[in-house]
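K.L.:
This structure is in structure tokens; I'll ask about it shortly.
The values are calculated or read from the model by the stated rules, or taken from the named source; none is laboratory data. Source: prediction; values computed, not measured. Please note: Cβ atoms are built from the backbone with ideal geometry, for glycine as well, and neighbour counts cover all protein chains shown. Each accessible area value is taken on the protein alone, full model and side chains, heavy atoms only, with ligands, DNA and RNA left out. Shrake-Rupley method; radii C 1.70, N 1.55, O 1.52, S 1.80 Å.
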Amino acid sequence: MSWIVDNLDLIGELALVHLRLAVPPIVLAFVLSVPIGWVAWRYEWSRGVLLSVIGLIYAIPSLPLFVALPAILGTSRRSELNVIIALTLYGIALMVRSVADGFGGVDRDIRQAATGVGYSGWGRFWQVDLPLAGPVLLAGLRVVAVSTVSLVTVGAVIGVQSLGSLFTDGFQRGIQAEIWAGIIATMLLAFAIDGLLVVAGRLAMPWTRAGAAASATRTDEREEATA
Amino acid sequence: MNLFADAFAWLLDPVNWEGPDGIGVLLLQHLLITFGVVAIACGVGIPLGMLVGHTGRGREVVVALSGGLRALPSLGVLTLVALWLGIGVAGPAVALVVLAVPSVLAGTYSAIESVDRRTVDAARGMGMTERQIILGVETPIGLPTLIGGVRSAVLQVVATATLAAYVGAGGLGGILFLGLKTGDYTLMLAASILVIALALVLDGLFAILQRIVVPAGVRASRSGTTRGRPTRRPATTGGPAPAGSSATEGKHH
């Protein structure tokens, strides 16, 4: 415990660096996955191909990917950019499926009604499809966020600083408390970002809270209808 | 691309495959660690998952466990256990089992739970015992999902076993860390290519396995129009994705 108290400054510093590495991949993965997932949903023929190719990325172990990316991209070997790009790829691998599922879950009748009252394709996407797919998108994004924060630590092995540096340093110097500090700080950071996403989701989609119970039964009915 | 040419040249040189520190031995070691760990994780996770999935008891714990695991950094667990148990294979093996069990558990639990309750009620009505229902009805129907859980555990362990070389566990990660220590990028890249190829091959094999094990009756009803719906709502977090898709488990390596 005393190690943690004595080194709060270091932990705080590394937590900030950790955030700098974790937040861009989360945001990028979300922004890039929405159009890809939309294409996978909209064009039936592309769905199988897109989802399986993108799913393959997820099978690639992180440390080897961190090592191999500089050779592919020509970036410097210890550059934070490699970690950010690799984590963005993993984020996309997880997120695209959620996006496709989210759009796929939007009730066909609602979409037809929206077209009927005069929405153009573009307007319907922003005002009907996207908000209704929102809860599924949020669920996917939360998984991406938490696993991204956890994966950043692997970068420490190849010399990219983060809270993971507490693991490598603690192991080399034989300080258990330091490793504990790294585990706890990483998990706290992950849960904090997850919590922020939940709050942001409530603010952006106020209807989900009020209609949680109602929408659950609606989902069941929809499943019955499409069965 | 010259870097890749060097790495492949190193990989294809037969000299590097021989001897006690050669690729051949390390690859075998990597596979033994992976399958040993996953076998233990299955021994713990599958019976427990069956129990939770069948009775519905302890469901919240499993969901929370598999959700919380996403945030748990595997490098941290690995270094912590290694420091505690010392250099060697025992420490990393314990850490890897700890990381693999929730995947298997969540896969098994959601496999059993996803079976239509009406099917289970029908089996019960025909006079099957609970044990017969679990093994003869729920397990075969849920098998693709169950294997999906094992699949994500295998991927996670294959990847994390690379990291385990950091604490002296052997395996293909050994080549990677040797390259890291000596500043030899060719070695690091060659090892990375090997691990990536191994992971992709294993993932592919499990994808095929997931398709093969779908019971004929289930396959027939899926292509038809009468798709069943579980009367118990499925868990929203935790379980791996349905058959044929890469698991949605957290990545921890």
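K.L.:
Cα centroids of the range A:17-37 and the range A:104-161: how far apart, whole angstrom?
P.N.:
The distance from the Cα centre of the range A:17-37 to that of the range A:104-161 comes to 12 Å.
K.L.:
Could you pull the accessible area for A:Ile183 with a 1.4 Å probe, rounded to 10 Å²?
P.N.:
10 Å²
K.L.:
To continue, here is another question. Give me a single rounded figure for A:140-151: the average over its residues of other chain Cβ atoms within 10 Å of their Cβ.
P.N.:
Rounded to a whole number, the mean comes out at 5.
K.L.:
Mind checking how much accessible area A and B bury in total, 1.4 Å probe, in Å² rounded to 100?
P.N.:
Roughly 4200 Å².
K.L.:
Sticking with this one: Using only the alpha carbons of the protein assembly as shown, what is the convex hull's orientation-averaged projected area in square nanometres?
P.N.:
With every direction weighted equally, the projected area is 24.6 nm².
K.L.:
State, to one decimal in nm², a quarter of the convex hull surface area for the C-alpha atoms of the range B:54-165, i.e. the direction-averaged projected area.
P.N.:
7.7 nm²
K.L.:
Another one. For the full complex of protein chains and a 1.4 angstrom probe, list B:His30, B:His54 by accessible area with the highest value first.
P.N.:
Putting B:His30, B:His54 in descending order of accessible area: B:His54, B:His30.
K.L.:
Count, for each residue of A:88-100, the Cβ atoms from other chains sitting within 10 Å of its Cβ, then give me the mean as a whole number.
P.N.:
Mean number of neighbouring Cβ atoms from other chains: 1.
K.L.:
When Lys and Arg each count +1 and Asp and Glu each count -1, what net charge do the other residues less than 12 Å away from B:Leu205, Cβ to Cβ, add up to?
P.N.:
+1
K.L.:
Here is a follow-up. Determine one quarter of the surface area of the Cα convex hull of the range A:1-62, which equals its mean projected area, and express it in nm² to one decimal.
P.N.:
Over all viewing directions, the range A:1-62 projects a mean Cα-hull area of 6.1 nm².
K.L.:
If you count only protein heavy atoms with a 1.4 Å probe, what accessible area per residue comes out for chain A, rounded to a whole Å²?
P.N.:
Per residue, chain A has 48 Å² of solvent-accessible surface.
K.L.:
Give, ordered by residue number, each residue of the range A:165-207 whose 1.4 Å probe accessible area is reduced by a minimum of 20 Å² on adding the remaining protein chains to the chain alone.
P.N.:
Flagged in the range A:165-207: A:Phe167, A:Thr168, A:Phe171, A:Gln176, A:Ile179, A:Trp180, A:Ile183, A:Met187, A:Phe191.
K.L.:
Using only the Cα atoms of chain B, each taken as one equal point scatterer with no solvent, compute I(q) by the Debye sum, divide by I(0), and report log10 of the ratio at q = 0.12, 0.13, 0.14, 0.18 Å⁻¹.
P.N.:
-0.74, -0.83, -0.92, -1.28
K.L.:
Could you compute how much accessible surface A:Phe191 exposes when probed at 1.4 Å, giving the result in Å² to the nearest 10?
P.N.:
About 100 Å², rounded to the nearest 10.
K.L.:
Additional query: What does the highest-first list of A:122-129, B:36-43, A:155-162 look like by mean Cβ count within 10 Å?
P.N.:
A:155-162, B:36-43, A:122-129
K.L.:
How big is the range B:148-225 by the Kirkwood estimate over distinct Cα pairs, in Å?
P.N.:
Roughly 14.5 Å, rounded to one decimal.
K.L.:
Please list A:86-96, A:108-118 highest first by mean number of surrounding beta-carbon atoms within 10 Å per residue.
P.N.:
The densest-packed peptide leads the list: A:86-96, A:108-118.
K.L.:
Rg and Dmax in Å for the range A:55-196, alpha carbons only: what are they?
P.N.:
20.0, 68
K.L.:
Also, I was wondering about something else. Looking only at other chains, what is the average number of their beta-carbon atoms within 10 angstrom of each beta-carbon in B:78-84?
P.N.:
6
K.L.:
Can you send over the carbon and sulfur percentage of the accessible area for the protein assembly as shown, probe radius 1.4 Å, protein chains only?
P.N.:
Ligands and nucleic acids excluded, carbon and sulfur give 67 percent.
K.L.:
Please compute P(r) over all alpha-carbon pairs of the range A:149-199, binned at 10 Å starting from zero, and give each bin as a whole-number percent.
P.N.:
Pairs per bin, as whole percents: 29, 47, 20, 5.
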